[in-house]
Structure formats: C-alpha cells, structure tokens
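Working notes, structure below.
The values are calculated or read from the model by the stated rules, or taken from the named source; none is laboratory data. These numbers were taken from a predicted model, which means no experiment stands behind them. Note that we place each Cβ from the backbone using ideal geometry, even for glycine, and neighbour counts take in every protein chain shown.
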Amino acid sequence: MTAISIDAPHDIRDLALADEGRRRTEWSERSMPVLRQIRARFAEERPLAGRRIACCLHVTTETANLMITLRAAGAEVALCASNPLSTQDDVAAHLVRDHGVHVYAIKGEDNETYYTHIAQALAFGPDLTQDDGADLVGSLHMISLGRLGDLSGPVRRMAEALSVEERTALVARVRGSTEETTTGVIRLKAMAIEGILQFPIVAVNDSRTKHMFDNRYGTGQSTLDGIVRATNILLAGSVTVVAGYGWCGRGLAMRARGAGAHVIVTEVDPVAALEAKMDGFEVMPMEEAASRGDLFCTVTGNIHVIRAEHFRRMKDGAIVANSGHFNVELDLDGLAEISTARRHVREFVEEFVYDGRRIMVLGEGRLINLAAAEGHPASVMDMSFANQALAAEFLVEHEQTLERKVHCLPASVDAQIASLKLAAMGTGIDTLTDEQVTYLASWDAGT
Ligand SMILES: NC(=O)c1ccc[n+]([C@@H]2O[C@H](COP(=O)([O-])OP(=O)(O)OC[C@H]3O[C@@H](n4cnc5c(N)ncnc54)[C@H](O)[C@@H]3O)[C@@H](O)[C@H]2O)c1
C-alpha cells in the first residue's frame, strides 16, 4: 500500500486512530489473496479511472481492502456505514488519511447522523454505488420518484436543497450499482418487478462464491464470536435456537452444534425446515422453542420473528440476538411494552425485566457479528469483495448494454474466484479429460 497522505473530506471519530487502522487493515490483507491479485491487475489496467464510487458498507478492515482496491483501479471513493454499530473508527481514519477515501461513519452514530452520512455519500455525485442493504439505491430511487417525504430527514433535506434538474442529474449520473446482501437483493428485485429501476444492479450476494461462503461460514462463525464477546457465555450444553435455515442459518446452526450447543431451528419454509430436520436439528415453531432456548438468534431477513408472545414464554436469563440485516427481526418495542424495567448490564447487553424474569438483548438487536465482534473473517470476505471489485469493473465494461434489472456476475467469474482461492490455499483439483467432456455433452455414449 502506498500512503498518499490526502486529508479527504470526512466525518469520522478521530484521525489520530489511523495508525491502528492501517495495522489492522494490513493484517486482513494477508488473508485476502484473491483481492490482492485483483488489486495488482487493477493498478496496471486502471479499469475504474475517473469513476466516482459511493459505497455504503460495514466499515471494517476487509472493506478497507476493497476501498484500497477501488482506489488502485483509479476510482474516487466515498464510504458511509451500512449499519450504525458496524464502523471500526480506526479503519475509517486510516482510509481518510492514507488513501484519500471520503469517509462518513462513526461507530454508535445515532439515526440522524447515520442518514446524514448517507446523504453525504450521495452528495458525492457517484457514477457507481456499492450497497449492503440497498440504502443508497433506495434513497436514489425515492429521489427519482419524487417521494422526498419517504426519505429519512437528512437525505430529504439534501434532496430538497437540489433543484429538480439537479435531482434528475444525480440519479442519471449513476450507471449501476452492486448489492452485497440477501436483504438488499430482495428489495432490488422488488423494485425491478415494479419496473422502477433506474440503472442496472449486480447482485453480488447471488454469486456462489459469495453466499455459499460468506453467508454460511462467515456468518456462522462471526455471529457466535459476537455473542460470545458480548456475553462470555459457554455454548456447550446450551439450548440455542436459530430462526431461519437459509445460508446464514445453516452456518450458524452448524457452528453452534460444533461448539456443543443443542440446536433448535425455526422456519417458515417447509423445504428449509425439512433440510434442517435431516441435518439432524430439532425443528419446531418459535412458540414452542421460546420456552426451551437459553440463546436465540434470528437470521431470516424478515420482520418481528421474535415477538412479545415469544418473549413472554422465555426462561429467566434468556439471551436474544439478531444477525439478519436489519434490526427489525426482534420486536424490541413489543418487548419494551411488556417489560417493567430495563437497564444496560454490560457493553452490548441490555436487560429487560418481564414478570420477574430477565431477558438479555444483545447489540440493540442489530447485526451482532458486527456490533460486538469484527464481522466476517478476512479470508471469507476475500471472495465477497473480489466479487464486489469485479462487479464494479463489469458494470463499467457493460454500461452501454446492461438492462435496468438485477444481474448476476457470469458463472465464469465464480469459477475464476474459486480457482484463485484454491490456488492460494495450495489445493489442486482435477480437470475433465477429453473423453469426459465428450461424455458429458452426449446422450448416447457409454450406456
Ligand atoms: N450477519 C451478517 O454478516 C450477514 C451476512 C449475510 C447475510 N446477512 C443477512 O441475513 C439474513 C438472512 O440471509 P440468508 O442469506 O441466510 O437468506 P436466505 O434467504 O438464504 O434464508 C432466510 C431464511 O429465513 C427463513 N424465514 C423467513 N421468515 C422466517 C420466520 N418468520 N421464521 C423463521 N424463518 C424464517 C426463510 O424461509 C429462509 O429459509 C438477511 O437479512 C441477510 O441480508 C447477514
């Protein structure tokens, strides 16, 4: 990395934290060999030269490596947080001081500041955006549809300060966007179905080298890491309830079992529930699981999965967390309504008292792996962010031809990323013989 000592526009905790951020970012970089190779090629080819990219991502050491890669490709970059609790303040400082990234993110920022930072990233005037949860693209579309009243205060005020022509130009300038997570992709596909998408999207989450690894192994490990850091509980011997058996839920259930927990899965999809059952987990409705669990974690992408009726049935001391994208999976307003007292008992742990029983809510119901831990390990984000970097290049290469819909990266990109990762891990695989290629392409041979 070359320090360029540009004091870029920013709103961060403290620039003096930059040295620590640099050290930790370099630590992650060691585990990101695929992204490193892409960065080296980008530095030569400069595929994003002159492009302005606004990113709304968790401000972690892994994201820093992605930002440095975009800078190496020639882009100007602005970064805001995709969650008020997920920012690592030292990383933010490092990106501003050493890489000239415009960073607007402070760990623990309130809602007003969070949306002020989104407004600042939009005001940067991006050609491309990168989202984790569709906050930037959602805001741009509210602006484009003239639905300023539906925007959060600071974004609305930023939009209102622009003329109609300036608002149109802000949206028209955007040639495409990438989306990191399941929840964001669901929202963008809903926009595509409504026919309102203003530019093409690449659903990075839908790459196999993203969701099969990041959502499963990354979320599985880092969610437990966050829960354990926040509480220091012993998982062995506990009853752990995992709500949702998608990619994240599979990983979380697998890792909780590995740590010695008895795992119960709740689901709404009969196929996913059947898979959980045949993977050897107990499956039951949340209403039954509520009275059994010592620890609960939601990973559904849905709203109010654990509600007052469930909190009412929980044991004294039950611990409740969420690792799905938004902080709506736990109905904390419902819990507050039935509670007679609440207090902070340690960092990231709030105790609610209901009918003499104590329920511990972790990290305000926000992504616990990012609130109380450091998010996914760099080794898995290597592949996710290789996809992000290549998706930005893909959008620029195909900007004249891509339709305004949600696209996946070509399967060849998955194969390329997986091959680079395997090579970095020193793992070889077989190749098809000519005979096998012919056999697989025929219907009458070898029967
Ligand atoms: N913590 C992280 O770092 C991280 C990483 C990746 C994804 N995510 C987020 O986690 C969430 C899940 O992602 P995924 O990739 O596993 O999605 P997925 O679509 O693969 O799985 C979600 C599962 O939840 C189930 N579900 C929906 N409503 C439910 C309910 N009321 N009760 C029980 N189950 C229910 C669905 O049937 C589905 O099987 C999303 O919000 C995603 O954005 C978080």
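Data table
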item	result
Hits in the stretch 300-326 (condition: more than 19 Å from L224 (Cβ to Cβ) and modelled with pLDDT under 95)	F326
Cβ pairs under 7 Å, 6+ apart, first in the stretch 107-122 and of a type in the set (S, T, N, Q), second part of a helix (DSSP H, G or I)	T116/P154
Residue that is modelled with the lowest pLDDT, among those in the stretch 404-447 that are assigned to a loop (DSSP other than H, G, I, E, B) and of a type in the set (A, V, I, L, M)	A445
G184 being in contact with a His (Cβ under 9 Å, 6 or more places away or on another chain), within 14 Å of the ligand (Cβ to nearest atom), closer than 17 Å to I53 by Cβ and at pLDDT 95 or above	yes
Complete set of residues in the stretch 379-415 that are under 20 Å from the mean Cα position of the chain (by Cα) and of a type in the set (F, W, Y)	F385
Among the candidates V103, V96, residue that is among the aliphatic types (A, V, I, L, M) and within 19 Å of F385 (Cβ to Cβ)	V103
Strands (runs of 3 or more DSSP E) wholly inside the stretch 233-345 that include at least 2 residues being buried (at least 23 other Cβ atoms within 10 Å of the Cβ) and not β-branched (V, I, T)	295-298, 318-322
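Let's see how each residue does on (1) among the small types (G, A, S); (2) closer than 23 Å to D214 by Cα; (3) more than 9 Å from the ligand (Cβ to nearest atom); (4) out of contact with any Ser or Thr (no Cβ under 7 Å at 6 or more places or on another chain):
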{"position": "R257", "(1), (2), (3), (4)": "no, yes, yes, yes"}
{"position": "D269", "(1), (2), (3), (4)": "no, yes, no, yes"}
{"position": "A272", "(1), (2), (3), (4)": "yes, yes, no, yes"}
{"position": "F281", "(1), (2), (3), (4)": "no, yes, yes, yes"}
{"position": "S291", "(1), (2), (3), (4)": "yes, no, yes, yes"}
{"position": "A308", "(1), (2), (3), (4)": "yes, no, yes, yes"}
{"position": "D316", "(1), (2), (3), (4)": "no, no, yes, yes"}
